[in-house]
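The values are calculated or read from the model by the stated rules, or taken from the named source; none is laboratory data. Every value quoted in this text rests on a predicted model; they were computed, and no experiment measured them. Neighbour counts are summed over all protein chains in view; Cβ atoms, including those assigned to glycine, are modelled from backbone coordinates with ideal geometry.
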Amino acid sequence: MRTMTPSNIGSYEERLKDFSWSLSEKELGYKAGDDINIAWHCTDRVCKLGKAGKTALIWEGLGGASKSYTFNDIRLASNTIASFLQGLGIRREERVCLFMDRIPELYLGFLGVLKMGGVAQPLFSAFGDESLLVRLENAQTTAVLTTRKHAGKVRKIREKLPHLKHVIVVDDDGKKPLQTGEVAFSLEKAEPVEDFKAAATKAESPSVLHYTSGTTGQPKGVRHVHYSLISQYLTAKWVLDLQDNDIYWCTADPGWVTGTSYGIIGPWSLGVTQCVLDAGFSAEAWYQFIQKHKVTVWYSAPTAIRSLMKAGEEAVKKHDLESLRHLASVGEPLNAEAVVWSQRVFGLPFHDNYWQTETGSIMITNLPGMKIKPGSMAKPFPGITAALLDMTTFSPMTDPGKVGLIAVKPGWPAMLRGYWNNEEAFKKKFRDGWYLTGDRATLDKDGYFWFVGRDDDVINTAGHLVSPFEVESALLEHPAVAESGVVSKPDEINMEVVKAFVTLKPGNEPSEDLKLEIMNFIRKKLSPLAMPQEIEFTPLLPKTRSGKIMRRVLKAKEWGQEIGDTSTLEND
Ligand code: 6R9
């Protein structure tokens, strides 16, 4: 039997009443003007609070390799890495890229960079040399921390990167000589640095540089500062409900903002134990992992949840997942069907929450204790003023069901401070005192937000706006459908009509009959205007590395257009 603990947030309404971010500042022992260093907070401070011997990280790699670190271990490791980087002559605010698989050094290196005042630039290790080049060039990166497995890609582009002074290989085995400008570092062999004075960074000192998933246009470097901790700490505490005894698992790679804000900073600043599984997706392996480590809080994404649904209920039943007590999801709209499914098979709903690389922390969310309306993102986090703006006048509106632009009042601690080297793109994100997310939604009479689509994904058929999410969610309810991507295709009369790309669950074969059956099934759920004119079965949908369906790629095909930047495409 599951034991239910009272949630950290208690009552949402009560918290709204007198909310101030100073609550988070106080809990973190921070006052305006003080030094604030994320890495110090995640390690030294947690140790000072008496958790030095508590497990911080349980790591598992491919083939069963595993390691475990206490908070004192991660304090020492981040000291040692920080001191090594300083010793190389790397200075504060210089960009240091982390380019490796999800091995412990990625997490410890991230903290090490922040501790010495550098700007951490985590990138997906699966990136090819071209994708890497664009981002290192743009950020004028000084150093890259990598492994033997990925160093070859850095070598290929090294000559094109005059700013790149140091390539640090963290798992050198001495077998193959390193090249000029490359240096070996080993956490195991290095003398642990007991005392390292964390850089005296201030609230506005730069901390993390994340390149956006780039579902549209060129990837942009999103600049964050150390003060973001104030948001990340409290959202991790209230939305993820992280408590002292939790074993937390965030399935995101730190190449994606979810993997840093809530895969490093949030949980560790709270002194919570987290697990990392450095392996690709497999339902069996994931359930095994939860069972083995008795994971209590699980933060994942719709793409993974849909894959679990595809794998079926039998896989769930084979495992003891009773340790789970709270589930959350981010990255894409979470289909109502996925929430209903998770409630049925795990006995717990996934709590959807909405935010962006740019927002740095969770904005709109299903908080513990709040009524869940499956398919809705629910309400703004306390301290977040989110609204829907009219698409032509840009003034806030509350008419239930009317599609508007999701906007947020600037000023929350984790807000981006700019795009790297791209002031113009940054300016475009603001209008009439609002930060524009580039997404659209509707509000219902209870003030719940319902996601419609990204600005460029919404379909305009004969003047009617169709939400790709709504069509995709209807499709997902059909038992044969695993996933779908819905886009517009050109049409002489209606300008645009709806087309659905569909992948099938195992045991289903594409056929004209199945298409008809699916059409008839969704006809009952959708308005006639939202009905796809065409369904195309496809074995695979194009996705970003963070698991988002790249509708832009599907759409370009329909419109005979250039696909544009595909550096974040997962299956390239
Ligand atoms: C954290 C993250 C941001 C974009 C965002 C929106 C989509 C994220 C969502 C969601 C509907 C949710 N998105 N969460 N859409 N419901 N719960 O994902 O950052 O990679 O920058 O993506 O993802 O379109 O604008 P990022």
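Numbers for the structure displayed
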{"item": "From the options Thr260, Thr303, residue that is within 19 Å of the chain's Cα centre (by Cα), modelled with pLDDT of 95 or more and not small (Gly, Ala, Ser)", "result": "Thr260"}
{"item": "Test: residue in segment 441-457 that is within 11 Å of the ligand (Cβ to nearest atom) and polar (S, T, N, Q)", "result": "no"}
{"item": "Residues of segment 272-290 classified as touching a residue at least 40 places away in the same chain (Cβ under 8 Å) and part of a helix (DSSP H, G or I), total", "result": "2"}
{"item": "Residue that is modelled with the highest pLDDT [pool: residues in segment 461-506 that are out of contact with any helix residue (DSSP H, G or I) (no Cβ under 7 Å at 6 or more places or on another chain) and charged (D, E, K, R)]", "result": "Glu472"}
{"item": "Matching residues, segment 317-374, being more than 13 Å from the ligand (Cβ to nearest atom), in a helix (DSSP H, G or I) and either of a type in the set (A, V, I, L, M) or farther than 28 Å from Leu16 by Cβ (or both)", "result": "Lys317, Glu337, Val340, Trp341, Arg344, Val345, Phe346"}
{"item": "Per-region count, segment 393-441, residues of a type in the set (Ser, Thr, Tyr) and either outside any loop (DSSP other than H, G, I, E, B) or in contact with a Pro (Cβ under 9 Å, 6 or more places away or on another chain) (or both)", "result": "3"}
{"item": "Residue in segment 142-153 that is touching a residue at least 12 places away in the same chain (Cβ under 8 Å), assigned to a loop (DSSP other than H, G, I, E, B) and either in contact with a strand residue (DSSP E or B) (Cβ under 9 Å, 6 or more places away or on another chain) or assigned by TED's automatic domain parsing to the domain that holds Thr55 (or both) present", "result": "yes"}
{"item": "Residue check, Arg440 within 21 Å of the chain's Cα centre (by Cα) and more than 24 Å from Lys379 (Cα to Cα)", "result": "no"}
{"item": "Filter pass, Thr142 being more than 19 Å from Tyr107 (Cβ to Cβ) and in contact with a His (Cβ under 8 Å, 6 or more places away or on another chain)", "result": "yes"}
{"item": "Residue count for segment 35-88, restricted to those that are in a helix (DSSP H, G or I) and of a type outside the set (A, V, I, L, M)", "result": "22"}
{"item": "Test for Phe185: is it more than 16 Å from the ligand (Cβ to nearest atom), of a type in the set (Phe, Trp, Tyr) and within 20 Å of Phe99 (Cβ to Cβ)", "result": "yes"}
